Each structure stands twice: as C-alpha cells, then as structure tokens.
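Beneath this line is the structure, given in structure tokens, with notes to follow.
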Amino acid sequence: VQAKNDFAENLSNIAHQIKTPITAISLLLQTLSEMPMKTEYEKDKVEQIKKQLIRLAHLEESLLVLSRLDAGALVFQKEDVDVFTVLVLAADNLQELFVDSGTSIDIPELGEMAVTADLDWTMEAIMNVMKNCMEHNTGGTVHCSYGQNLLYTEILIWDEGDGFAKEDIPYLFKRFYRGQNASAGGNIRSSGIGIGLALSKEIIEHQNGTIRAKNQPNGGACFEIRLYKQ
C-alpha cells in the first residue's frame, strides 16, 4: 500500500513538473506566432510545435488523473445514465476531430438502457476508445452497438481499419505501451502518448466493469466494454 501511494505521489509530482516547460513553450510559441512568417516551412514548423504542445498538455492531464486513481482519491458519482446518451455525448466532444479526419460515426438508437456510472468519467473512457478507432480508420466509419442482460451492459465500438497486431493485443491497455513497431512509425493501436487506453481501462474497472480488445472476424478492431450491475 505504501509503495502504491508513493508511486501515485511521484506520478503527480511528474505531472506538475511538466507544467513548467509547457508554460515556457506556450509563451515562446505565442511570440513566434506574432512574428511574420516568411516561408511555408516556418509556418509548418510552428504548427508542428502547436500539435506537440497539445500532446504534452494532454499527457499532463492524464498523468494527474492516473495519480488520483492510483491514490484512490478520485470519487466516481454513481447515477443512472442512458447508454445511448453517453455514446452521443462522447461523439459530440470528438466531432471536430472526426470531421478533420474524414471519419464518420454510427450510433444506432437501440432503446433505453441505463447503467449506474459516473457520466463524465465514463464518457472520457469511451472518448479515448472512439478516438483510437478514428485514428486508425481515416475516411471510414466507427461503429457502436450496445445491449443489456441480467448481469451486465455491453458496449461495442469497432472500426473498419486493419485491426490489431496479434502481438500487441495483450499489452494495449498498459501505460505508455507503444508496440514493437512504434519507433519505426508502425501502425500501433494505442494513443499518441500511449496512455489513453490505459486511462479508459482504469476508469471502467473502477466502476465494476471490464474492457478488452479483439479483432473482428471480417477485419477491423473492436473494443468490448462491460459494465456489471452493482
């Protein structure tokens, strides 16, 4: 328990330390943006810095959330929420990214089904999964489905991409996992900083649920989320 608490504290400290260079880079970037850009090369480099800065900021936020989860300091609000509503709200938050990538999302209305969960955090977990499918399915469609039985509510989210590499499947939800081909620009199915799916797993499991990844028989990657009845 002490080791886990120490780890959570160290993770939190690292996240706070990242904030200093992020602030410094933001100020420098603001100065650069106000200067006249003479070439397309200069404009492109500034845009690249902006994108990396966004990734750093997301990393900082994710590390803080993980540290709170590890320390048991993140309290989930239990309430009855409609599955279709959660999926639609998650997709709405990613609308700009979907439009930019030319990817569409299909969320059928399959009737009213409620789960006992924290709306905001469950939405965060599903957004990370949707984003993963979107990033490896440019120009295609991300599909959603859901159902309910006496034991659990199941949410399926899948894409029309190439699916997962078999050797990566056991490690997809490990923190900072980048895959065997990540350094060579391979098609690793984890978030840009290797933390999005790990965060989704933590959020789902803290709410009496499970998440796993598999390949569809006809191609494409599929995420299966099950939220068990309390």
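The values are calculated or read from the model by the stated rules, or taken from the named source; none is laboratory data. Please read all numbers here as calculations on a predicted model, not as lab measurements. Counting neighbours? That spans all protein chains shown, and the Cβs are built from the backbone with ideal geometry, glycine included. These area figures cover heavy atoms from the full protein model, side chains too; ligands, DNA and RNA do not enter into them. Shrake-Rupley method; radii C 1.70, N 1.55, O 1.52, S 1.80 Å.
Please determine whether any residue of region 105-126 is charged (D, E, K, R), over 19 Å from H58 (Cβ atoms) and at pLDDT 95 or above. Yes, region 105-126 contains at least one residue that is charged (D, E, K, R), over 19 Å from H58 (Cβ atoms) and at pLDDT 95 or above. Of all residues in region 128-141, exactly one satisfies the criterion of being of a type in the set (A, V, I, L, M) and over 20 Å from L227 (Cβ atoms), namely M134. Among residues of region 129-151 that are over 16 Å from N215 (Cα atoms), none has a beta-carbon under 9 Å from a residue that is in a helix (DSSP H, G or I) and basic (K, R) at least six positions away or on a different chain.
Of all residues in region 35-55, those that are closer than 20 Å to A24 by Cβ have Cβ atoms under 9 Å from Cβ atoms of residues that are in a helix (DSSP H, G or I) and open to solvent by 90 Å² or more (accessible area, probe 1.4 Å), 6 or more apart or on another chain, in I49/L28. The combined condition, being modelled with pLDDT under 90, in contact with an Asp or Glu (Cβ under 6 Å, 6 or more places away or on another chain) and either closer than 19 Å to E135 by Cβ or part of a loop (DSSP other than H, G, I, E, B) (or both), is fulfilled by G179. In region 61-78, is there at least one residue being of a type in the set (A, V, I, L, M, F, W, C), assigned to a loop (DSSP other than H, G, I, E, B), open to solvent by less than 70 Å² (accessible area, probe 1.4 Å) and within 30 Å of H143 (Cα to Cα)? Scanning region 61-78 turns up at least one residue that is of a type in the set (A, V, I, L, M, F, W, C), assigned to a loop (DSSP other than H, G, I, E, B), open to solvent by less than 70 Å² (accessible area, probe 1.4 Å) and within 30 Å of H143 (Cα to Cα). Answer yes if at least one residue in region 14-23 is polar (S, T, N, Q), modelled with pLDDT under 80, surrounded by 16 or more Cβ atoms within 10 Å (Cβ to Cβ) and in a helix (DSSP H, G or I), and no otherwise. No, region 14-23 contains no residue that is polar (S, T, N, Q), modelled with pLDDT under 80, surrounded by 16 or more Cβ atoms within 10 Å (Cβ to Cβ) and in a helix (DSSP H, G or I).
For region 96-105, the criterion of being touching a residue at least 24 places away in the same chain (Cβ under 8 Å), in contact with a strand residue (DSSP E or B) (Cβ under 8 Å, 6 or more places away or on another chain) and open to solvent by 40 Å² or more (accessible area, probe 1.4 Å) is satisfied by at least one residue.
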